[in-house]
Amino acid sequence: MTQPSASALPGSPQLARRGSELWLEGCRLSDLAKVHGTPLFVYSKAAMRSALAAYQRGFAGRQSTIHYAMKANSSLAVLQVFASAGCGFDIVSGGELTRALTAGAEPGKIIFSGVGKTRAEMRQALQAGIGCFNVESEPELEVLSEVAQSMGLRAPVSIRVNPNVDAKTHPYISTGLKGNKFGVAHERTLAAYRRAASLPGLKVVGIDCHIGSQITETGPYLDAMDRVLELVEAIEAQVTRLAHIDFGGGLGINYKGDTPPEADALWQQLLAKLDARGFGDRHLMVEPGRSLVGNAGLCITEVQYLKPGEQKNFCIVDAAMNDLPRPAMYEAFHAIVPLTEREGADTTVYDVVGPVCESGDWLGRDRALAVQPGDLMAVLSAGAYCMSMASNYNTRGRPAEVLVDGEQAHLIRERETVEDQMRGERLVG
Ligand code: LLP
């Protein structure tokens, strides 16, 4: 049995118990479920702002841009929170570009990552005037130059280098090792920069690295920074000056007692390295996703049935792997807590599962819960990589979303209907 104590709820202090009831900022979560139904994603604006503030403190006095990695949660009103706070965006598709612009992003503060950018996406981004393409391979340099040249433009580029550092995270979300598909190998970097500098449709502006996601240790960052700075020195000595350094590796969040460094404390150490090697004056860029939104959100779900079994007891809820894919995909842990505590009631150990027809459709295993059918529970730490990875499997409509701001609760996405899902489909004959 693993449940965080009330004082250590991931998402606190915006998420807190008042008496037996769970509140997010000034809103009682059970009231939101009554109005909007379940499953329901709820996000705290103050929690996003406070996560962002840790990065802003870390970069105080420096030339820097925080690019929110919108793949973590690309809902328009979430993007709007970051755009209005002055953030740029890290995008990975033409669709994300359209979303970012719709939410009010400044094109010059958009960077475009990803190993498989199409010519059409490159054209769309060049037309919009984005700030930088993070190029992930040598062939991509050639294609981007060709596309930009055909438009009479020079594409601003940085090359994503692969520092071959183990981020010590889940293999599916580790991106900086030699065996990964991301970035240009350390030993090919100089040749790639030489080529980029010689291509007529490109303008070299920076360097970029990203070693993985949900990183909870400082060591891999420090190693990666050393490797990147070695390259910066060599590139500047032999090819061209770099105006910016985009350094990443997604900072982890507390899902289950995890204790990642705070963004400001981490950057204090990284900036010391930059300063020591004389690169402290470069424009610094980061592209955090999860650490800005992960613990700002949760998903409310209703208990449908309790099903005792010989080997396992099941608590069947109305949210499922299509809404919250991380447990099924990565065996990820999300804390699950009742919205209203049944004080003094005995707990039973359950696997919390959804209604989807797959054994992999579980949200939590071996959880001690005192619940009855009809009770509401919150799946915590669900602000990142939940709604943005949600699907329509089993023809389930994706949940509604609410953004809480003090005592105000704004519906920011309507629940998806079956008509929404069938739009664009055709019967034959
Ligand atoms: N920049 C690049 C180039 C990335 O590949 C990623 C994440 C980020 C930024 C944002 O990283 P973050 O700050 O969110 O850690 N679906 C997985 C996570 C996949 C992350 C992929 N890349 C999960 O649910 O854990």
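The values are calculated or read from the model by the stated rules, or taken from the named source; none is laboratory data. These numbers come from a predicted model, not from an experiment. Note that we place each Cβ from the backbone using ideal geometry, even for glycine, and neighbour counts take in every protein chain shown.
GLU343 fulfils the conditions (1) in contact with a Cys (Cβ under 7 Å, 6 or more places away or on another chain); (2) outside the structural domain of VAL157 (by TED's automatic domain parsing) except for a single criterion, (1). Scanning the stretch 388-429 for residues that are among the hydrophobic types (A, V, I, L, M, F, W, C), free of Cβ contacts under 8 Å to residues at least 60 places away in the same chain and over 30 Å from SER359 (Cα atoms) returns LEU427, VAL428. Close Cβ contacts (under 7 Å, 6 or more residues apart or on different chains) running from residues in the stretch 45-67 that are over 13 Å from GLU262 (Cα atoms) to residues that are of a type outside the set (D, E, K, R) and modelled with pLDDT under 95 comprise ALA47/GLY11. Screening GLY360 against (1) under 24 Å from the mean Cα position of the chain (by Cα); (2) under 30 Å from LEU79 (Cα atoms) leaves a single unmet condition, (2).
Check the stretch 93-107 and report whether any residue there is in contact with a His (Cβ under 8 Å, 6 or more places away or on another chain) and farther than 19 Å from SER388 by Cα. The answer is no; no qualifying residue exists.
In the stretch 286-310, what count of residues is obtained for those that are at pLDDT below 95 and closer than 18 Å to GLU358 by Cα?
Step one: filter the stretch 286-310 for residues at pLDDT below 95, giving 309-310.
Checking the rest, the ones that are also closer than 18 Å to GLU358 by Cα come to 309.
Going through the stretch 286-310 one residue at a time, the tally reaches 1.
Across the stretch 39-53, what is the number of residues that are surrounded by fewer than 20 Cβ atoms within 10 Å (Cβ to Cβ) and either among the β-branched types (Val, Ile, Thr) or within 26 Å of ARG326 (Cα to Cα) (or both)?
First pass over the stretch 39-53, keeping only residues surrounded by fewer than 20 Cβ atoms within 10 Å (Cβ to Cβ): 46, 49-50, 53.
Those left that are additionally either among the β-branched types (Val, Ile, Thr) or within 26 Å of ARG326 (Cα to Cα) (or both): 46, 49-50.
So the count comes out to 3.
With the structure loaded, tell me whether VAL337 is away from the ligand (no atom under 12 Å from the Cβ), aliphatic (A, V, I, L, M), surrounded by fewer than 22 Cβ atoms within 10 Å (Cβ to Cβ) and not in a helix (DSSP H, G or I) or whether it fails that test. When the stated conditions are applied, VAL337 passes them.
Note on the stretch 229-264: residues that are in contact (Cβ under 8 Å) with a residue 60 or more places away in the chain, surrounded by fewer than 19 Cβ atoms within 10 Å (Cβ to Cβ) and away from the ligand (no atom under 16 Å from the Cβ) total 1. Within the stretch 340-376, the set of residues being within 16 Å of the ligand (Cβ to nearest atom) and of a type in the set (A, V, I, L, M, F, W, C) comprises TRP362, LEU363.
Between LYS34, LYS71, the distinction of being within 16 Å of the ligand (Cβ to nearest atom) and among the charged types (D, E, K, R) belongs to LYS71 only. Exactly one residue out of ALA77, ALA83, ALA33, ALA60 is assigned to a helix (DSSP H, G or I) and either farther than 21 Å from ARG415 by Cβ or not aliphatic (A, V, I, L, M) (or both), and it is ALA83. Here GLN311 fulfils each of the conditions (1) in a strand (DSSP E or B); (2) on the phi < 0 side of the Ramachandran plot; (3) surrounded by fewer than 15 Cβ atoms within 10 Å (Cβ to Cβ) apart from (1).
For the stretch 28-38, the tally of residues that are surrounded by fewer than 19 Cβ atoms within 10 Å (Cβ to Cβ) and over 17 Å from LEU324 (Cβ atoms) stands at 5.
Is at least one residue of the stretch 342-354 among the hydroxyl-bearing types (Ser, Thr, Tyr) and within 21 Å of LEU29 (Cβ to Cβ)? Don't jump to the end; show me each part of the working.
As a first pass, look at the stretch 342-354 and keep what is among the hydroxyl-bearing types (Ser, Thr, Tyr): 347-348, 350.
After this cut, where a residue has to be within 21 Å of LEU29 (Cβ to Cβ) as well, the list is 347, 350.
Yes, the conditions are met somewhere in the stretch 342-354.
In the set GLY383, GLY397, which member is touching a helix residue (DSSP H, G or I) at 6+ places or on another chain (Cβ under 9 Å) and within 16 Å of the ligand (Cβ to nearest atom)? Checking each option against the conditions leaves just GLY383. If a residue must be within 16 Å of the ligand (Cβ to nearest atom) and of a type in the set (D, E, K, R), how many such residues does the stretch 277-320 contain? The number of residues fulfilling the criteria is 2. Within the stretch 340-374, the set of residues being in a strand (DSSP E or B), farther than 14 Å from TYR305 by Cα and hydroxyl-bearing (Ser, Thr, Tyr) comprises THR340 only.
Scanning the stretch 197-228 for residues that are touching a residue at least 60 places away in the same chain (Cβ under 8 Å), within 15 Å of the ligand (Cβ to nearest atom) and touching a Pro at 6+ places or on another chain (Cβ under 9 Å) yields GLY206, GLN214, ALA224, VAL228.
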